[in-house]
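Below is one structure, written out as structure tokens; comments come after it.
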Amino acid sequence: MRRSAWLLLLLAALLCACGVREAPPEQLPEEPPVREPVWEPEPVPPPLPEPDPKEEAVEAILGEMTPEEKVGQLFFPKCPETGALEKIGEYHLGGYLLFTADFKNAAGQWLTAEEFVEKIEGYQEAASVPMLIGVDEEGGTVARASRNPNLFPEKFKSPRQVFAAGAAENPEGGFLAGMEAIRADAAVKNTGLRGYGINVNFAPVADMAADPGDFMYDRSFSGDARETAHFVAVAVTEMNRAGVGAVLKHFPGYGDNVDTHTGIAVDERSWERFMIHDFAPFREGILCGAGAVLVSHNIVTCMDGELPASLSPEVHRILREELGFEGVILTDDLDMSAVKAYAAEGSVAELAVLAGNDMIVTSDFEKQIPLVLEAVEAGRIEESMLDEAVRRVLGWKYDLGLIGETND
């Protein structure tokens with residue numbers, strides 16, 4: 001009994017001990033661990049864009065120009081018969097357009113190749129900014145340089161003639177054979193021009209004409225938009241390779257209209273006709289890198305029923321916005337009868353600049369340049385508009401290798 005009682009007492013003591021717990025000691029909040037500062041590198045700024053050498057060259061020249069020099073750059077006049085060398089510096093001309101007489105001497109004889117090159121080099125030496133030296137060398141009825149047998153063995157044929165001969169020589173090649181002939185002709189023609197110092201060819205003709213009775217028929221390639229667009233692409237590509245500036249003409253497309261040298265032509269074709277037909281060769285030439293587009297004097301009623309295309313802000317808006325052209329826009333010759341009436345009370349060149357032209361073709365530059373300068377000084381032509389036009393002209397000269405590092 002004693003042993004049993006002892007065991008019971010021991011068991012009871014153990015049970016009591018298990019039921020009694022001591023209160024845990026009060027816990028103090030732990031201090032946050034000390035973190036070592038982490039070094040983070042300074043954010044790297046995005047790299048600056050690479051300088052644009054073309055923009056730098058253009059802005060460097062533009063920034064040093066006087067208003068007189070800027071206005072002069074807008075003019076691409078017919079080379080004057082007398083005083084051509086002196087007038088370059090006097091009027092700060094952007095270029096000279098050469099005609100057949102400019103390939104002859106004072107006695108009416110054809111200049112030798114050496115004499116002609118020396119003449120052009122003299123023009124460039126007289127210019128503070130290298131000049132655009134242009135010529136209409138379409139081939140066929142409009143050919144200036146190749147009439148001189150000392151420069152080319154024969155006068156260049158028209159694109160229609162070149163294509164037909166190429167296709168006839170290789171009947172199996174057909175259209176492609178004709179186009180290869182166009183390519184070879186454009187390469188020889190424009191490489192030759194550049195070799196003589198001519199850096200702009202007022203070609204190719206992007207107009208279309210299907211009727212042999214049309215004024216533009218002999219100068220146009222075809223009456224078909226696709227064929228003409230193909231021709232323009234080949235011609236512009238070869239001109240670019242030769243370093244000769246291409247001038248697409250005569251925007252927005254001449255069609256079957258009469259000669260604007262002698263009077264006003266009114267074009268009443270529809271907007272749809274231009275969109276699907278006449279614009280196609282110009283679009284193709286622009287895509288291939290043509291540096292300039294020349295605008296005709298036709299009144300195109302679906303675009304502007306009041307003003308010739310060359311003086312119409314709306315036509316120039318269409319060329320810039322609808323066709324996306326960013327290069328130089330030139331007028332057709334402002335001495336033509338079709339625009340004389342619009343200058344009766346002022347400067348036709350001022351109207352041309354306000355319409356959106358970057359360069360003006362005229363023989364009357366000695367009168368027109370002071371009038372444009374006066375319009376700038378009076379605020380009728382904003383300085384920003386003048387500067388943008390000059391930028392495009394200088395940009396074209398850069399693209400042709402006339403200004404920039406290689407010509408410093």
Only one of Gly197, Gly243, Gly255 that is modelled with pLDDT under 95 and either of a type outside the set (Val, Ile, Thr) or more than 23 Å from the chain's Cα centre (by Cα) (or both): Gly255
Complete set of residues in segment 345-370 that are farther than 16 Å from Ser296 by Cα and in contact with a helix residue (DSSP H, G or I) (Cβ under 6 Å, 6 or more places away or on another chain): Ser347, Glu350, Gln368, Ile369
Within segment 39-129, helices (runs of 4 or more DSSP H) holding 1 or more residues that are over 27 Å from Ser146 (Cα atoms) and open to solvent by less than 80 Å² (accessible area, probe 1.4 Å): 53-63, 67-73, 84-91
Residues of segment 306-344 that turn out to be out of contact with any helix residue (DSSP H, G or I) (no Cβ under 8 Å at 6 or more places or on another chain) and among the hydroxyl-bearing types (Ser, Thr, Tyr), as a count: 1
Test for Ala292: is it in contact (Cβ under 8 Å) with a residue 60 or more places away in the chain and of a type in the set (A, V, I, L, M, F, W, C): yes
Filter result for Lys157 (part of a loop (DSSP other than H, G, I, E, B), of a type in the set (Lys, Arg) and either open to solvent by less than 10 Å² (accessible area, probe 1.4 Å) or farther than 25 Å from Val348 by Cα (or both)): yes
Verdict on Asp332 being under 15 Å from Phe251 (Cα atoms), in contact with a Leu (Cβ under 8 Å, 6 or more places away or on another chain) and of a type in the set (D, E, K, R): yes
Matching residues, segment 189-226, being in contact (Cβ under 8 Å) with a residue 24 or more places away in the chain and in a helix (DSSP H, G or I): Lys189, Asn190, Thr191, Gly192, Leu193, Arg194, Ala225, Arg226
Tally of residues being in contact (Cβ under 8 Å) with a residue 60 or more places away in the chain and open to solvent by less than 10 Å² (accessible area, probe 1.4 Å) across segment 369-395: 7
Residues located in segment 118-171, provided they are basic (Lys, Arg) and touching a helix residue (DSSP H, G or I) at 6+ places or on another chain (Cβ under 9 Å): Lys119, Arg144, Arg147, Lys155, Lys157
Meets criteria (β-branched (Val, Ile, Thr), modelled with pLDDT under 95 and farther than 21 Å from Thr362 by Cβ) for Val58: no
Residues of segment 265-305 satisfying the condition of being of a type in the set (D, E, K, R), open to solvent by 10 Å² or more (accessible area, probe 1.4 Å), farther than 26 Å from Val393 by Cβ and touching a helix residue (DSSP H, G or I) at 6+ places or on another chain (Cβ under 9 Å): Arg269
Residue in segment 396-404 that is within 17 Å of Tyr91 (Cβ to Cβ), touching a residue at least 12 places away in the same chain (Cβ under 8 Å), not aliphatic (A, V, I, L, M) and not in a helix (DSSP H, G or I) present: no
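The values are calculated or read from the model by the stated rules, or taken from the named source; none is laboratory data. Computed from a predicted structure; not experimentally measured. Methodologically, a virtual Cβ is constructed for each residue, glycine included, from the backbone with ideal geometry; neighbour enumeration extends over all protein chains shown. Protein only, heavy atoms only, side chains kept; ligands, DNA and RNA dropped before computing areas. Shrake-Rupley method; radii C 1.70, N 1.55, O 1.52, S 1.80 Å.
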